[in-house]
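Colleague: Handing you a structure now.
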Amino acid sequence: MKDSDVNGTLQTTRTQEMIYELRVQQAMTKQVITVEPENTMADVSRVLEENRHSGMPVMKGKEMVGIVSVEDLVRSFQQGNSSQPVKQWMSKNVTTLYADEPLVHAVQKFERHGYGRFPVIDRKTKALVGILTKVDIIRCMLQHLEINYHDLERRQYIPREWFSELDCDRATLSLRYHIDGANFEKAGEVSSKLKRSLQTLGLSPDVVRRIAIASFEAELNLVIFTEGGELAASVEPGRVTVTAVDNGPGIPDVELAMQPGYSTAPDWVRELGFGAGMGLHNIKKCSDELKLESKVGEGTNLQFTVFT
Ligand SMILES: Nc1ncnc2c1ncn2[C@@H]1O[C@H](COP(=O)(O)OP(=O)(O)OP(=O)(O)O)[C@@H](O)[C@H]1O
Ligand SMILES: [Mg+2]
């Protein structure tokens, strides 16, 4: 009990320290997707969906004249007015942030206003230079932690409270790694990196363990059976989805490959301690959802989800 109290205090201190140190411009997304006041709400719907955003600034030339969000979209659709121009539905009172403000100001604004995003403007020129969401803040803090990782006592600096505050349904944090084929020296590195990032995010130890085991098996299959590929994890409130993709030889009979004990691993791989034919079975046991698609000569796409 005492230990966790101590950790709790340190976590908060470090999180606070970071949001005072970091500036809005370090966290913001610089490429801002915008609409024009004369665009229709149907256009807004399409653009938001294509980019998986929940809101965006409305620009008349270089001047920001409003902000339009999913909520405005829902209101316009409910009233059957999707062909009306954005200018009739957007919010004209836009709360903005300056690029050079400390992140703590942004955090306070998120708390105070409950908006999903803030346009960021340059203090001198007043030009729009970015957009900031809570996910951007978390991503920036994670990168910052990663940079300082070796100097830190990891467990003391988990920004757990940040992640639990993620209340936006569309919020997704993506982590992406390349896996080299046939490189046994590096085998397992990607799943360890992923594990560390998930720990940093404050996911529960059981969830992290299941994802780490399943990712390790997926990584090893790419190392052993393919020339390499990519492992990506998508962290959303309530779930983590991991995808392992390769352009390797493919699996002729997926159902058979899923059977415990089935393996085509050559002897030299077995000598290294792999090839028991338990990998895919373990992935299934560790995950809540599993999808395995494969085409001979084209490659394999394995996707599993763990509910958090
Ligand atoms: N990405 C992949 N590309 C091509 N074949 C694959 C791939 N992943 C799995 N396989 C095939 O599916 C079989 C079963 O995979 P699984 O991971 O369950 O066992 P294994 O890798 O052979 O042994 P273990 O994982 O216990 O070390 C493999 O032997 C291989 O034939
Ligand atoms: Mg395997």
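Just so it is clear, none of the values below were taken in a lab; they were calculated from the coordinates. Keep in mind it's a predicted model, so treat the numbers as computed, not measured. No Cβ is skipped: glycine too gets one built from the backbone with ideal geometry, and neighbour counts run over all protein chains shown.
Colleague: Any idea how far apart Ala127 and Ile33 come out in nm if each label point goes 7 Å out from Cα toward Cβ?
Modeller: It works out to 2.3 nm between the two label points.
Colleague: Run the Debye formula on the Cα coordinates of segment 21-132, all scatterers equal and no solvent, and tell me log10 I(q)/I(0) at q = 0.12, 0.15 1/Å.
Modeller: Treating every Cα as an identical point scatterer, log10 I(q)/I(0) equals -0.41, -0.62.
Colleague: What helices in the chain pass both tests, a Cα length along the helix axis of 20 Å or more and a mean Kyte hydropathy of -1.0 or higher, using whole DSSP H runs? Mind showing how you got there, number by number?
Modeller: Values: long enough: 2-21 (29 Å, -1.19); 134-148 (21 Å, 0.27); 205-225 (30 Å, 0.92).
Span-like helices here: 134-148, 205-225.
Colleague: Between Arg52 and Phe184, what FRET efficiency follows from the Cβ-Cβ distance if R0 is 51 Å, with the result rounded to 0.05?
Modeller: 0.85
Colleague: What share of all Cα pairs of the chain, in percent, falls into each consecutive 10 Å distance bin?
Modeller: 6, 23, 25, 22, 17, 7, 1
Colleague: While we're here: Normalise the Cα radius of gyration of segment 172-307 by 2.2 N^0.38 Å (N = residues in it) and let me know the number.
Modeller: 0.99
Colleague: Between Glu271 and Glu71, how many nm apart are label points set 7 Å from Cα along the C-beta direction?
Modeller: Here the answer is 6.6 nm between the modelled labels.
Colleague: Rank by packing, highest mean first: peptides 20-29, 214-223, 119-128, with packing defined as the count of other Cβ atoms within 10 Å averaged across residues.
Modeller: 214-223, 20-29, 119-128
Colleague: In which sequence would Arg239, Arg52 go, from the one with the fewest C-beta neighbours within 10 Å to the one with the most?
Modeller: Arg52, Arg239
Colleague: Sticking with this structure for a sec: Label-point separation (nm) for Arg209 and Gln16, each offset 7 Å from Cα along Cα-to-Cβ?
Modeller: It works out to 3.4 nm between the two label points.
Colleague: Roughly how far apart, in whole Å, are the Cα centres of segment 64-90 and segment 239-308?
Modeller: 46 Å
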